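These notes are about the structure you will find just below.
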Amino acid sequence: MDVYHLLAAPGVTSMSAGRIGALLAAVLGLAGVIIGGLALARPASRFGTGSGPLGAAAALLAGVVGMALGAVVVATSDSGIGTGNGRGGAYVALAVGLVAAVLGGLALARRRRTG
C-alpha cells in the first residue's frame, strides 16, 4: 500500500460512496429477509403484514437488488477491507441478500405448491 492510500483513506465517521452503497444494499437485503420470513411464517396473509405471494416476490426482489448493489460496490472498490471503501459492508450485503432471495424463493415455491 502506498502513501496516497494511507493519506486519502476516509475517516471513521465519514461516509464514502462505497460505504453508502454497501449500507443501502445491506438494509435492502435485511428488509427482504424480514419480509421473506413473514411470508414463510404466514403464507395466506395479506401484504399489509409483509407476507403472502406479494411479500414473497418483494423479498426475492429485495434480495436480488441488494446482492447486485453489493456486487457493484465490491467490483468498484479499489482496496481491501478496512480502508473505508465499503467492501466489508458489501460482503455482508451479498450474504444478507442471498438469504433474502432464498427465503423469497422458498415462500413462492410453497405458494405454488399449495395452490
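The values are calculated or read from the model by the stated rules, or taken from the named source; none is laboratory data. Every value quoted in this text rests on a predicted model; they were computed, and no experiment measured them. In this analysis, Cβ positions are derived from the backbone assuming ideal geometry, glycine residues included, and neighbour counts consider all displayed protein chains. When the accessible area is computed, the model is the full protein with side chains, heavy atoms only, and any ligands, DNA or RNA have been set aside. Shrake-Rupley method; radii C 1.70, N 1.55, O 1.52, S 1.80 Å.
The simple Förster model, with R0 at 30 Å and r as the Cβ-Cβ distance, assigns T76 and L106 a FRET efficiency of 0.45.
Each residue was assigned an accessible area with a 1.4 Å probe, and for L106 the value is about 90 Å².
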